[in-house]
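The values are calculated or read from the model by the stated rules, or taken from the named source; none is laboratory data. These numbers were taken from a predicted model, which means no experiment stands behind them. As a convention, Cβ positions derive from the backbone with ideal geometry for all residues, glycine included, and neighbour counts pool all protein chains shown. These area figures cover heavy atoms from the full protein model, side chains too; ligands, DNA and RNA do not enter into them. Shrake-Rupley method; radii C 1.70, N 1.55, O 1.52, S 1.80 Å.
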Amino acid sequence: MGEALAIAAAHLAGIAFVAYLVAMAVAADRPARRPPGVVRALQYAFLVPCLDEEVVIDATLAALSTLVGTAGDRARVIVIDDGSTDATAAIAQTWTARGVELVRRHPPEARQGKGAALNAGLAYLRSTLAAGQDIVVAVVDADGRLDGNALGIVDAALADPEVGAVQLPVRIANARRLLTRFQDLEFVGFSFILQAARHHVGTVGLGGNGQFTRLSALDTLGSSPWSDCLAEDLDLGLRLVVAGWRVAFGAGGAVAQQGVVTPRALLRQRSRWVRGHLQCWARVPALLRAGLPRRVVADLLVYLAGPVLVMAISAAVAFSVLDGLARLAGMTGHLTQAWPLSVLAVAADSAAVIPLVILAAVYRRRAGDVGCFAAGALAVGLVAYNLVWYVATWQALLATLCRRRGWAKTARLPDHDQATIPVTARAGPR
């Protein structure tokens with residue numbers, strides 16, 4: 001009986017996930033609300049946290065300087081060297097003559113996490129501003145490449161005074177091999193759908209790259225708005241919503257970043273992300289006490305429950321595999337001996353095709369460099385690729401239960417391996 005209930009629960013979780021994705025895809029295609037205010041050119045400060053980034057920092061500063069140059073005198077770039085032991089600081093120093101500002105951190109304060117580095121950069125920025133001056137604080141990683149229209153997109157989103165932060169869509173710049181192409185599909189397909197749908201609720205998840213936040217919104221979170229959470233970006237977005245701000249999605253722009261190129265590195269990165277996600281559960285009590293609209297609370301609770309859903313789906317996959325092996329071994333009906341479970345299994349397996357069709361259609365429309373057949377093949381292949389998420393989620397749960405705190409930084413690739421694929425010719429929500 002217990003086995004049957006576990007199988008039924010796992011399949012029902014899979015069907016619920018399909019229904020959720022379909023609902024989000026429908027919501028994502030709704031017209032975005034127009035900013036109620038007048039769009040004006042805002043002032044920007046780009047924070048670039050760096051820890052041993054000598055491989056990419058020079059090209060990143062060149063790209064940012066070009067963007068800043070087109071923006072006139074309304075943008076500045078601040079590099080935060082977080083105790084690098086390579087040539088990162090020396091390379092950044094060569095850019096100070098061209099307007100880049102450098103904040104250097106040294107042990108023992110340095111290497112305390114990305115959140116601490118960003119807080120140090122913010123403290124420096126605040127010390128250079130006049131009292132009461134507002135500015136948009138942008139976070140760009142050392143491998144980040146922003147679209148040329150990024151500032152205009154954010155200007156428009158922040159014309160709404162209720163919006164405290166804006167997240168740009170993410171693309172994978174080095175999506176020339178299968179593993180990195182799957183990562184691009186995740187961001188351009190699945191992540192884009194969720195973010196565009198959540199834009200209507202004002203609960204878009206902030207990412208560590210292409211993140212834009214009003215200084216006045218950060219001020220509502222205190223002197224150190226970024227926490228030591230492994231997902232300091234997600235945590236920041238949650239706290240902004242709890243504080244009463246909307247978080248918007250700049251669907252018409254993009255930020256490109258490097259994807260990891262080995263399965264081991266991918267597993268390590270995703271496990272760290274899930275651990276950070278689990279750490280954000282500590283915000284649930286504050287979320288429930290904040291008096292927010294029910295749909296805002298519901299959306300955030302569903303999003304935070306994501307790892308639980310992944311565990312349930314992975315269990316459904318495991319049961320399906322075991323059932324298939326049992327049938328092959330002649331143990332007919334051992335796991336699905338009751339006909340209702342068989343019907344449920346068929347329903348779950350059939351419904352699983354729906355998100356693949358949605359992802360293929362969205363990716364083909366937005367990627368700009370894949371055809372119908374390639375998009376469909378990638379969507380089908382995502383079924384196998386998602387095994388990484390299953391393993392990473394269980395690994396993250398174990399690490400969390402064991403109270404492990406350490407994590408490994410994702411290694412960068414030489415800049416010549418980061419040939420950015422098209423990011424500007426895609427359709428976003430209307």
Scanning for something touching a residue at least 12 places away in the same chain (Cβ under 8 Å), within 16 Å of Asn119 (Cβ to Cβ), in contact with a Gly (Cβ under 8 Å, 6 or more places away or on another chain) and surrounded by 24 or more Cβ atoms within 10 Å (Cβ to Cβ), does the range 251-268 turn up at least one residue?
-> no
Within the range 101-134, track down each residue that is part of a helix (DSSP H, G or I) and within 22 Å of Val163 (Cβ to Cβ).
-> Leu118, Leu122, Leu125, Arg126
Every pair of residues 6+ apart whose Cβ atoms lie under 7 Å, when the first sits in the range 43-58 and is at positive phi while the second is crowded, with 20+ Cβ neighbours inside 10 Å | Asp52/Ser84; Asp52/Thr88
Determine whether the range 36-50 contains at least one residue that is open to solvent by less than 40 Å² (accessible area, probe 1.4 Å) and farther than 26 Å from Ser216 by Cα.
-> no
Of the residues that make up the range 100-118, is at least one in contact with a strand residue (DSSP E or B) (Cβ under 7 Å, 6 or more places away or on another chain), among the acidic types (Asp, Glu) and open to solvent by 30 Å² or more (accessible area, probe 1.4 Å)?
-> yes
Given the structure, is Ala92 modelled with pLDDT of 95 or more, small (Gly, Ala, Ser) and more than 24 Å from Gln167 (Cα to Cα)?
-> yes
Condition test on Leu335, is it among the hydrophobic types (A, V, I, L, M, F, W, C) and either modelled with pLDDT under 90 or touching an Asp or Glu at 6+ places or on another chain (Cβ under 8 Å) (or both)?
-> yes
The correct count of residues that are in contact with a helix residue (DSSP H, G or I) (Cβ under 7 Å, 6 or more places away or on another chain) and either under 15 Å from Asn209 (Cα atoms) or among the β-branched types (Val, Ile, Thr) (or both) in the range 62-98 is 6
Considering (1) touching a residue at least 40 places away in the same chain (Cβ under 8 Å); (2) under 17 Å from Leu413 (Cβ atoms); (3) open to solvent by 60 Å² or more (accessible area, probe 1.4 Å), say which one Trp273 fails and leave the rest.
-> (2)
Given (1) modelled with pLDDT of 95 or more; (2) touching a helix residue (DSSP H, G or I) at 6+ places or on another chain (Cβ under 6 Å), number of the condition Arg289 does not satisfy = (2)
Would you mention how many residues in the range 246-280 are assigned to a strand (DSSP E or B), farther than 27 Å from Leu301 by Cα and touching a Ser or Thr at 6+ places or on another chain (Cβ under 7 Å)?
-> 1
Kindly indicate the residue of the range 385-404 that is open to solvent by 80 Å² or more (accessible area, probe 1.4 Å) and farther than 22 Å from Leu185 by Cβ and also modelled with the lowest pLDDT among those meeting that condition.
-> Arg404
Trp407: passes all of (1) over 30 Å from Ala27 (Cα atoms); (2) among the aromatic types (Phe, Trp, Tyr); (3) modelled with pLDDT of 85 or more but (3)
